[in-house]
Structure formats: C-alpha cells, structure tokens
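The values are calculated or read from the model by the stated rules, or taken from the named source; none is laboratory data. Small disclaimer: the values here were computed from a predicted structure and weren't measured. Note that we place each Cβ from the backbone using ideal geometry, even for glycine, and neighbour counts take in every protein chain shown.
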Amino acid sequence: MIPKYPEFKPLGIEDKAVITRHLRATTREICELTIGNLFIWQGFDRPQATCVNGNVCIQINPFNEAPYFLEPLGREKLRETTDILFNHSQRLSRVSKGFINALKEFGYKFTPLRNHFDYLYLRTDLAELKGRKYDGKRNHIKRFKRAHPNYEYVTLKPEMKAGAMSLFEKWFAFREESKYFPKLAHTAQKNAIMAAFDLFSELHLIGGALYVNNDLKGFALGSKLNPETASVHFMYGDPSLPGIAQILNWEAANKTFSSFKYLDLEQDLGIPGLRTAKLSYHPFKLEEKFEVSQ
C-alpha cells in the first residue's frame, strides 16, 4: 500500500496494481508514464512513492542529479498537490505538455528539456519505409537480407535473457567510454535489462528477437504507453553486423508492435549520434517534456 504524504515507500512490484489503476486514469503521452519504465529502472531511479490528495506521486532519486518528482498520477487538487511536491524537493521534471497546460493558470515557470523529448512515429512509416527519404534504410535492409538470408525474427521471451545480456555487453563494449557512455550508464542499462526480463510477464512487456545462425543478434523490448502507442524501451543490435539497426527497427514495426498506431522511441539524452539516427526516421512529432519551477 502506498502511504499518504509525508510518508514514502520504495516503489516495488507489489505496487503494480495501484500504479496501473492510476496510470489508466491519467493521460499518458510520455515514456516516463509507462508501466515498464516505472519499474525496470528502479536500480538507477530509486523511485519513492507517496499519495497526495489521492494522487500517486513518485519521486525519482537518480545517482547523477538532484531528486525530482514526476507529474502526479491523477489531477485532484492540482495546485495544492504541486505546491506540496515543490516544498518537499523543489523540482518537478520530465513532465508532459498536457500537465504543463493544466498548470499554466497557476503562474509556474516551465523550461523545455530538449534532451528528454520523446520521438513519436507513425508505426506504418517505420514498417513500410515508403518514399525517397527512406531509400538508405531500405538499402541497408536489402544488404542485410542478402548477407543473412536465413535470419529469423521471433517473439522475445524471458528465457532469452542470457543471450540478450551477452549481446548488450558486446554492444556497450563497441562504444568508447565517454560522457555519453560512462560506466554508470553501463550499470544502469544492464540492471534495467535484467529487471525487464525478470519482470517480463508481470509488466506485460512485449518484444522481438533477431537470430542469425541460431545466435541472438538483436532484440527490441517495450510496453504499452496508451491504447494507441507502444513505448520501445530497448533496441540493441550486434554492432559487427551492418544493417542490424535498420532491419531490427523494421521487423519490430511490422511484427512486434503491429497492433499500435504510434511508436515512441523515447529520448536521445543529448547523444549526437542517437539524435541523428532518430531524426533520420522522420518522427511524426517530438513529444515535449519540461522542468517546472516556481
């Protein structure tokens, strides 16, 4: 049971039912408000939950920045609730445009967080890759198919965890340590992937796995953000295979997430190469996020 403010408890899988109920009652536009992301990043985010005016409020306590609250799950007594959260930690961050619109009349200040904007795509754009703007993507896919004609793309399952972790280690080792890929990022991502596989069924996660010669060479994993949108939390491919990123994205859009209208490929965190890659798929829109101050 999530306690009333000022008491907090560490968010745990035992809270899934109440979190799910409050998520369903909240307009969900950003990847932070998926059941998957709220639970699989616990090792890094260290979320603490409390109830304020009937709203579930989650404070994030990351290792690399000051604590902050996500937007409340619920909209009861919004001004009073927001003031209580400010008095506790002075920060609301990664909040949605919808939440900002609900607060505008109260005189708060809003700062856009470009590095945390989500990339939202029409799933059919990623599945069909129509038009000249996708010529390069289609060519990468064709070359991959010629090089690996017997590859398989199948449903991701929890028992594929060992292969997925091995692939992640290979993927991360390919990147030189930098401010974008520090050891802290390795630990955070590794723990989140392991948690995703451990909680796969409980969180209703969905994913696909790509095999070449019976070896796992790529996987995509996500969860439902809202009835029309899937949020893709992870997509990793073997960096030694040219075209792996393009074919993995294409297969996931065609098969794993085929029941959704939109795909949220989440934020780029200010990583230049990742921003270039996400923009190259021509997003339908960038889902804005903000920091709120008084």
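See the values below:
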| read-out | value |
| --- | --- |
| Matching residues, the range 2-31, being more than 17 Å from residue 59 (Cβ to Cβ) and surrounded by fewer than 17 Cβ atoms within 10 Å (Cβ to Cβ) | 13, 14, 17, 20, 21, 24, 25, 27 |
| Residue tally, condition modelled with pLDDT under 95 and closer than 12 Å to residue 23 by Cα, over the range 54-75 | 2 |
| Selection status of residue 39, at pLDDT below 95 and either in a strand (DSSP E or B) or not assigned by TED's automatic domain parsing to the domain that holds residue 227 (or both) | no |
| Residue count for the range 11-62, restricted to those that are within 18 Å of residue 78 (Cα to Cα) and without any contact (Cβ under 8 Å) to a residue 24 or more places away in the chain | 2 |
| Tally of residues being outside any helix (DSSP H, G or I) and charged (D, E, K, R) across the range 113-168 | 4 |
| Residue within the range 171-179 that is under 16 Å from the mean Cα position of the chain (by Cα), basic (Lys, Arg) and either assigned to a helix (DSSP H, G or I) or modelled with pLDDT under 95 (or both) present | no |
| Where a residue in the range 133-158 is more than 16 Å from residue 253 (Cβ to Cβ) and in contact (Cβ under 8 Å) with a residue 40 or more places away in the chain and its partner, wherever it lies, is assigned to a helix (DSSP H, G or I) and among the small types (Gly, Ala, Ser), with Cβ under 6 Å and at least six apart | none |
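Rundown of residues vs (1) in a helix (DSSP H, G or I); (2) at pLDDT 95 or above; (3) among the small types (Gly, Ala, Ser); (4) more than 24 Å from residue 123 (Cα to Cα), yes/no style:
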| site | (1), (2), (3), (4) |
| --- | --- |
| 185 | yes, no, yes, yes |
| 190 | yes, yes, no, yes |
| 204 | no, yes, no, no |
| 208 | no, yes, yes, no |
| 224 | no, yes, no, no |
| 253 | yes, yes, yes, no |
| 259 | no, yes, yes, no |
| 263 | no, yes, no, no |
| 275 | yes, yes, no, no |
